[in-house]
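Have a look at the structure below before the remarks.
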Amino acid sequence: MSTPWPLASGPEGPHALRPLLDTVLTALDAGSRARGGPLPAGGPRAVTARVRAALPDALPEHGDPDALRDLVHTLAEGSADPADPLCAAHLHCPPLAVAVAADLAASALNPSLDSWDQAPAASALETLVTRALAHEIHPPPAGPDALMTTGGTESNQLAVLLARETQGPGVRLLHGANAHHSLPRAAWLLGLPDPVTVPAPAGVLDPAALDEALTHLPGPHLVAATAGTTDAGLIDPLPEIAALCAAHGARLHIDAAYGGGLLFSARHRHRLTGLDAAHTVTLDLHKLGWQPVAAGLLAARDPADLQALHHRADYLNADDDTDAGLPDLLGRSLRTSRRPDVLKIAVTLATLGRDGLGRLVDQVCDRAAEFADLIARHPGFDLYDRPTISTVLFRPANATDTAVAAVRRHLLTDGRAVLGRAHADGRLWLKTTLLNPQARPDALAALLKLVEGNTPG
Ligand SMILES: *Cc1c(COP(=O)(O)O)cnc(C)c1O
């Protein structure tokens, strides 16, 4: 071999990767054991010190062949592990092993989805999988399409961009007070009129307030509703909102970054009734889809809307190449080089099937319902509400907001639990977003004990 640094693809690739993978897996195991909990103890100072010790010089003059082992160990030791049942703050899922294994192949082969000659099979796979997922959202007779994105943020940006391109630069975004921050930010990024925040007094967008805003504000309008709010996992009244949009001629986007996963569950998909009325829908399979980041999608009911993204670069999609039948991929993203994130998704859907994925969704929803029951029965805690998806908000009874914030930070710093926080009803709540289908009820009981034992005052 001419270089000591073998390549991941090519005839030697798999052979070169095998011992390196062994190193990675051993270091993951040792690092996770060294952590011994859902996240590293000691807070940012201790973690930074350990990282610095492992990497005294980020660009040394001469390399160290043990860097892979040492840095993977350091990362594992210093990670928040979403597979630990006490790591439940965010929409941060434990990825499926099969999806991660597929992602390794994506990295090794490194197809790039900006032109067919860099990604022949990956682009064909992307077409199949995005169409299938688009049909889940917009069933026949619609002929929908979906684009792969890096996640909910990019999907929401694209949705606002498509609204601008179809409705004109004066289109005004109306979003609930419960909407994801990336929506008003997209309006800012795209130079649109200042967005209007519609009240969401009970955590979901208030249709009467939306009707009022649509009646009094000059159009054109883009309404953004949420199916699965980030703070509480609530679903806006989609059919009512869709009817209002139809009556006022407004364009509708539904951010289903979180709730979209309910589509896989026969028990829960009815909660998304009305989703198909949206012009565009955000999905995020690195939430209720158990994918490693990134695994976002933007579905469009009318694929003609996506024409706005059409773009020409002679080296990637020359007209004569396109005329000769080479697929034109550049208009399927605002990015140029693009990872085949579709592979892990395709592998997951094909391996688990709808029933396998649906069962994972059902399990996390069941866990959340059980956890809520546990809290409701416990005299020491207040429950915000029964979960709609898998988010449970609770707080120690009679605690101040300061004490609620303090217990969260205390458990975080000790490395014992990762809880989120959310304001609702004018108070601060502890948030658990349960995305681990294997979490056992006794782990959740232990979590309550931890909170109880560590709340100040
Ligand atoms: C997580 C989330 C997003 C952002 O998704 P990213 O993948 O983090 O970019 C957008 N909307 C909602 C409702 C979310 O929960």
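Quick rundown of the values:
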quantity	calculated
Mean Kyte hydropathy of -1.0 or more with a Cα span along the axis of at least 24 Å, helices from DSSP in the chain	13-35, 120-137, 342-377
Lys/Arg +1, Asp/Glu -1 at C-beta; the chain dipole; positive extreme among Gly380, Gly260, Gly37	Gly380
Positive-pole candidate from Thr127, Pro111, Pro220, dipole of the chain, charges at beta carbon	Pro220
Unit charges on C-beta of K, R, D, E only; dipole of the chain, Debye	1320
With every protein chain in place, region 104-351: carbon and sulfur % of accessible area (1.4 Å)	57
Longest site-free stretch - the chain; sites: GluC sites (Glu not before Pro), DSSP loop, at most 15 other Cβ within 10 Å	62-457
Separation between Cα centres of region 274-329 and region 181-201, rounded to whole Å	23
Ranked packing of 316-323, 255-262, 197-204, most packed first, by mean Cβ within 10 Å	255-262, 197-204, 316-323
Part-to-part distance (alpha-carbon centres) for region 336-362 and region 53-124, which is given in Å	18
Antiparallel bridge percentage (DSSP; both residues within the chain; nearest 5)	60
Per residue accessible area in Å² of the chain, where ligands, DNA and RNA are left out and the probe is 1.4 Å	46
Under DSSP loop assignment and at most 13 Cβ neighbours within 10 Å, longest trypsin sites (Lys or Arg not before Pro)-free interval of the chain	1-266
Length-normalised contact order of the chain in % [C-alpha pairs under 8 Å, at least 6 apart]	20
Set of lysines near Lys344 by C-alpha distance (under 26 Å), chain-local residues within fewer than 8 positions excluded	Lys287
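The values are calculated or read from the model by the stated rules, or taken from the named source; none is laboratory data. Just so you know, these numbers come straight off a predicted model, no measurement behind them. Glycine also receives a Cβ, built like all others from the backbone with ideal geometry; neighbour counts cover every protein chain displayed. Side chains are part of the model used for accessible areas, which takes the heavy atoms of the whole protein and leaves out ligands, DNA and RNA. Shrake-Rupley method; radii C 1.70, N 1.55, O 1.52, S 1.80 Å.
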